[in-house]
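For reference, the structure is listed below as C-alpha cells.
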Amino acid sequence: MRQAYIDNIERIQKARILDQGEKPYDYSYDHRVDAYDDFFESADFWLQKQALAQGFPPCFIYFRSDDDVNAFAVSKPGFKRIAFTHGMIELIYDYYRQQEDLLNSAEFSDVHQALAQFGNPYWYTFFQLWQMFVIYHEYGHLVQKGKNAEINYREYNSGNVDNILESHALELDADFLAASELARNIMSAACDQNGLLAIDETELSTLCSVALASTFIFFMKVAGQHPSVYFMDKEHPHPYVRLMWVTNILIDTIIKSISGIKLDPKTCTLKALEIADRIMDGDYKNPSQTFSQEMTIHYPDLLNHLTTIVQKMESMSTLCYNLHPDQLPV
C-alpha cells in the first residue's frame, strides 16, 4: 500500500466523515495491492482536479471493507466522497485476470494492436477502462443534483424504486458524464500531442469497442446472470439500453473532437458485443443467442425506452446532460 493512500485514510479519519460502523479497506496484504494503488492515485488526481476547477470542496475517495458489489457517492456541506467496496474491485479485477490467456490469444490480434499504446497486459487494460468509467459515473452522481445538494447515493440498493423512470434518468445521466470522459481517455491514447489521430481509424474503432465491452461486461455482471430484457424495472436500465446510450455519447464525443474522422456506432456496438460474447462464453450468457442477436430482436423496444429516458432527462434541469460545458469536467 503506497503512502498516498495511507495519508488519504488518515485525512478521512480526522475529518470524521465516515458513517457509523463504516471501515476503509486495508488492502496492504491483498495480492491486488498495486491495482488498488493505481486505482486510487488515478482517481484521486482526477477528482482533485475537478474539485479545484468546479469550486467543489475536496472529494475523498476510498475503498470500503464490504464484501458486496457496490459504490457510493456522498455529498454534504464541506466535503464530497466516493467509495467502492473491495467486493466490487475483487469481482472485476479477478474476472479480467482470469481471461489473461484468452485475451492473449491470436483471436484477439486486432484488440492487441489497438491496446498496444497502453503498455499494460491486455486484461489489465480492460480492468483500467472499466475503472475509469465507474469513477466518472460516481462523480456524475455528485454533479447531477447541483453543487450544494446533499447526496447519499448507494449504487445498488436491490430494493424497490419509487420512481423507476427518474432512477433510470439519473443512471443514464451519470453514464453520460462517464462516456464523455472515457472518450477523452481514448483520444489521449490515440492522438499525438497536436490532437491528431496517431493510429488508423480501424484501430480507433476497435479501441472504442474494447472500452464499450469492458463496461458492458460490468453492466451484465452486476445486473445478474443474463437478465431478461426489462424496461420499467430495477434501479438501472437494462445493460443493452446502457450500452446503446454509452456508445452514442462516446462516439459522438470523439467525432466532434477529432476533425475528419468517421466512426460508426453500430460497428462499434457489434464489435463490443462480439468481444463480450467471447469473454463471457458460458458465464452470464444466454446459450441460445449471441448478445447481438438478442439485442437486435429487442432493439425497437430498447430504443423506445432509451428515448423515454432521455426525454425525462431533458426535463431535469440540474443533470450533467443539461449543464453548460463550463460546469462539466475539464
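Bear in mind these aren't lab numbers, they're just calculated from the coordinates by the rules spelled out. Worth saying up front: this structure is predicted, and the values here are computed from it rather than measured. Quick reminder, even Gly has a Cβ in these numbers, built from the backbone with ideal geometry, and neighbours come from all protein chains shown.
Annotations for the structure displayed:
- Partners for Lys80 among lysines (Cα-Cα distance below 22 Å; same-chain residues under 8 apart left out): Lys14, Lys23, Lys49, Lys145, Lys147
- Distance between the 7 Å Cα→Cβ label points at Ala106 and Asp200: 2.0 nm.
- Shape category assigned to the stretch 158-287 from the gyration tensor of Cα positions, a/c cut at 1.5: oblate
- Entry note: the chain has Rg to Rh equal to 0.94, where both radii use alpha-carbon atoms and Rh is the Kirkwood radius.
- If you take all other residues with their beta carbon under 11 Å from the beta carbon of Val143, and give Lys and Arg +1 and Asp and Glu -1, the sum is +1.
- Extending 7 Å from the Cα toward the beta-carbon at both Met232 and Ile261 defines two label points whose distance is 4.0 nm.
- Sequence-distant lysines (8 or more away, or on other chains) whose Cα lies within less than 20 Å of Lys271: Lys221, Lys262, Lys285
- Of the DSSP H helices in the chain, those with a Cα length along their own long axis of 20 Å or more and a mean Kyte-Doolittle hydropathy reaching 0.5 comprise 164-190, 201-223, 239-257.
- Between Arg278 and Arg16, the modelled labels are 5.5 nm apart [label points 7 Å from Cα along Cα→Cβ].
- Remark on Lys147: its backbone amide H falls under 5 Å from none of the residues 5 or more positions apart or on other chains, H modelled at 1.01 Å from N.
- Neighbourhood net charge (12 Å Cβ-Cβ; Lys/Arg +1, Asp/Glu -1) for Trp245: -3
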